[in-house]
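**Q** Sharing a structure with you now.
Readers should treat all values here as calculations from the given coordinates under stated rules, not as data from a laboratory. Computed from a predicted structure; not experimentally measured. Because the Cβ atoms are built from the backbone with ideal geometry, glycine has one as well, and the counts that use them run over all protein chains shown.
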Amino acid sequence: MPAKWTKRIIGAAALAAIAGGLAWFAWPRPVLADLATIAKGPIEVTADDDGKTRVRHVYTVSAPIAGKVLRISHPLGEQGPSLHVGDEVAANQTVALMQPTLPGFIDVRSRDQLEAEVLAADAAIQQQQAEVQRIEAALDFSRTEFQRAQTLLRTQSTSAQAFDKAKFDVANNEAALASAKAQVDMRRAVRTSLAARLMDPANAAPSAEPACCVRVLAPASGRVLKIIQDSEATVLPGTPLVDIGNPLDLEIVADLLSTDAVQIKVGAPVRIDGWGGQPIRGKVVRVDPAGFLKVSALGIEEQRVRVTIDFADPPDTWSSLGHDYRVVVHVTTWSAPEARTVPVSALFRKGNQWAVFADENGRAQMVTVSIGHRNNGMAEVLSGLAAGDRVVLHPSDRIGDGTRVAQRD
C-alpha cells in the first residue's frame, strides 16, 4: 500500500477517535443519588423533650420554732446528729437540734435608758420596802389597840363599836401589809427583767444540756436527699432544713408544649433515654389540666404543660438514677404497626401538595403523594406510592422530571 494511503487511514482513525471522545464526554450521564425503597412497617409519632426525675414524696423538715439550729453535718464529737446527703434515716429520728438564740446587742441610748430604768426600779423597791415597814408599824399598833379593847370589853369599860373598830383596823392593816409585800416582789421581778435585758450577749451562752434543745424529728423513713441549712445559723419558724425521701420511689416530669400535650393520653407509652444508660420504658400517668408560660433558651415565650411519667421497666434497669436527674422522654402520640412509610428527606413541596421523585426505569419522575402522620425521620404514605417503589433522597436542583438517576455507591 502506498505511503500516501497509509497516512490518510491513520488521520481518519485519529479523527474518528477524537469525535468518539467528544461524543462520549457530551453524552448526558445519570445523576448519582441516594435511593430508598417504600416499605411497610411500624411507625410512631412522639413528642420529645427533656425531663427530670424526682422522688414522688419528698418530706421537707422545717424549723418548728425560731432559734439557733446546730450544724447538721459535722465531725464526730460535736453535739447533735451528724447527717450527710445519702444517709438513711428512720421515722422519728433526730435530724437537727435547735437552741435558744442569744439576746441582741444593745445600742448606747438603749443601754443608758435601761440603766436608768434599773435605778428607778431599785428606788421603787426601797420605797415599797419603806411602805411595808410603815404598815408593819401600823399593824403592831392596831393589834395592841385590839388587845386593849378586848380587856376593856370584858370589864364593860368600852363599847362594842370601839371593839369592832379595833378588830377592823387589825384586819385592814394585815391586808395592806400583804399587798405591800406583793408590790415589793413585783418590783423586784421588774428589776430582774431590766437587769436581764442589760446582760452582755457576748458573755451569755446557751446550755449544753440536751434538755435545753428542741429536737427536730424525721417525719418518715428514707434517705437524706438534700441538706438545705447545713451550717449553724439562727432561723425563723418554717425555715427548711433537710429534704428526706425514698430514691427508689421515682417518677419523671416533663414540660411539653401544649400543642403536643393535647394529643397525649394517660397510659401512653414512653421511651426514656439520654440519661447515660439503655433506653427505659415508661407510661404517662398524669397530664396536668393547667399550663404555664415558660421562656425558652432563645427567649421565646411558650405555653407548657407538665406531664408525669412512671417507669414501666423494673427498678433494676434504672436504679442508678437519682433525684433531679436529666432524661429525654419520647411520648407516643400516634402509632401504627403496618404502614407505608417514606423518608421525610425525600419529600418536597409542589405548590400546596407534597411530592417525591420516584425512580422509573432509571429516570426520575415527579409523583404527588398524600401524607398522613409523620415524625422526624419517616412519614405515612396515604396515596401516590406503593410498597417497593424507589424514591430519591435529598433531591438537588440537578434532578428534574425525566432526569436519569443512578444509585450512589
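**Q** Along Cα→Cβ, 7 Å out, is where each label goes; now give me the distance between the ones at F163 and K283 in nm to one decimal.
**A** About 10.2 nm separates the two model spin labels.
**Q** Now for a different question. Students often get this wrong, so check it: of K68/K294; K294/K350; K68/K226, which have C-alpha atoms separated by over 29 Å? All intermediate terms of the calculation are to be shown ahead of the outcome.
**A** On the way: K68/K294 38 Å; K294/K350 36 Å; K68/K226 20 Å.
Beyond 29 Å: K68/K294; K294/K350.
**Q** Now for a different question. If amide H atoms are built 1.01 Å from N in the plane of the peptide, which residues on other chains or at least 5 residues away come under 5 Å of the amide H of D389?
**A** Long-range HN contacts for D389: I38.
**Q** Within straight cross-link reach of K283, meaning Cα distance under 19 Å, which lysines are found once same-chain residues fewer than 8 apart are removed?
**A** K52, K265
**Q** If the elastic network links every pair of Cα atoms under 10 Å, which of D397, D324, D310 fluctuates the most in the Gaussian network model of the chain?
**A** D397
**Q** If you rank I228, I125, I72 by fewest surrounding Cβ atoms within 10 Å, what's the result? Mind dumping the intermediate values first?
**A** Values: I228 14, I125 18, I72 24.
Arranged by neighbour count, lowest to highest, I228, I125, I72 become I228, I125, I72.
**Q** For A312, what residues show an amide H to amide H distance below 5 Å, using hydrogens built from the backbone and excluding near sequence neighbours?
**A** Here R281, G282, K283 satisfy the definition.
**Q** For region 139-292, what mean projected area does the convex hull of the alpha carbons give, in nm²? Present the calculation step by step, with values, prior to reporting the outcome.
**A** On the way: hull surface 97.5 nm².
Mean projected area for region 139-292: 24.4 nm², to one decimal.
**Q** A further question follows. Under the classification rounded if a/c is under 1.5, otherwise prolate if a/b is larger than b/c and oblate if not, where does region 224-323 fall, given a ≥ b ≥ c as square roots of the Cα gyration tensor eigenvalues? If you can, show how the numbers build up before the last one.
**A** Details: a/c = 2.26, a/b = 1.32, b/c = 1.71.
The shape class here is oblate.
**Q** Roughly speaking, what is the stretch gain from D140 to A182, that is 0.36 nm per residue apart minus the C-alpha to C-alpha distance, in nm to one decimal? Walk me through the numbers before you get to the answer.
**A** On the way: separation 42, 0.36 × 42 = 15.12 nm, distance 1.93 nm.
13.2 nm is the gain from fully extending D140 to A182.
**Q** Determine the shape class of region 88-129: with a ≥ b ≥ c the square roots of the Cα gyration tensor eigenvalues, call it rounded for a/c under 1.5, and otherwise prolate if a/b is greater than b/c, oblate otherwise.
**A** Numbers: a/c = 12.15, a/b = 2.71, b/c = 4.48.
Verdict is oblate for region 88-129.
**Q** Tell me, what HN-Hα J-couplings in whole Hz come from the Karplus equation 6.51 cos²θ - 1.76 cosθ + 1.60 at θ = phi - 60° for each residue of region 349-359, using x for Gly and Pro?
**A** These are the phi-based 3J(HN,Hα) values: 8, 10, x, 9, 10, 8, 9, 9, 9, 9, 7 Hz.
**Q** May I ask you to evaluate 6.51 cos²θ - 1.76 cosθ + 1.60, the Karplus curve with θ = phi - 60°, for each residue of region 366-382 and list the ³J(HN,Hα) values in order in whole Hz, giving x for glycine and proline?
**A** 6, 10, 7, 10, 10, 10, x, 6, 8, 10, 5, x, 10, 10, 7, 9, 8
**Q** Identify, among A178, T158, S110, the residue whose Cα sits farthest towards the positive end of the charge dipole of region 108-194, taking +1 on the Cβ of Lys and Arg and -1 on the Cβ of Asp and Glu, with the dipole about the Cα centre.
**A** T158
**Q** Given points 7 Å out from each Cα along the Cα-Cβ axis, report the S73 to S319 separation in nanometres with one decimal.
**A** 2.4 nm
**Q** Give the peptides 118-124, 349-355 in descending order of average Cβ contacts within 10 Å, highest first.
**A** Details: 118-124: 15.0, 349-355: 11.7.
The peptides rank, most packed first, as 118-124, 349-355.
**Q** Binning at 10 angstrom from zero up to the longest distance, how are the C-alpha pair distances of the chain distributed in percent?
**A** Once binned at 10 Å, the Cα pair distances of the chain give 4, 11, 11, 12, 10, 9, 9, 8, 6, 5, 4, 3, 2, 2, 1, 1, 0, 0, 0, 0.
**Q** What residue among A47, A364, A63 has the largest mean-square fluctuation in a Gaussian network model of the chain, using Cα springs under 10 Å?
**A** Most flexible of the set in this elastic network: A364.
**Q** For W334 and R363, FRET efficiency with R0 = 30 Å and r from the beta-carbon atoms, rounded to 0.05?
**A** Efficiency, from the Cβ-Cβ distance: 0.25.
**Q** On a full-extension model of 0.36 nm per residue, what is the gain between A130 and T151, subtracting their alpha-carbon distance, rounded to one decimal in nm?
**A** That pair, A130 and T151, stretches by 4.3 nm at full extension.
**Q** Taking 7 Å along the Cα-to-C-beta vector as the label spot, tell me the I300-S193 distance in nanometres, rounded to one decimal.
**A** Spacing of the two 7 Å Cα→Cβ label points: 6.7 nm.
**Q** Between A175, A33, A195, find the one with the highest GNM mean-square fluctuation for the chain; connect C-alpha pairs within less than 10 Å.
**A** The residue that fluctuates most here is A175.
**Q** Rank these for me by crowding, F146, F105, going from fewest to most other beta carbons within 10 Å. List each step's numbers first, then the result.
**A** Working: F146 17, F105 10.
Ascending number of Cβ neighbours within 10 Å: F105, F146.
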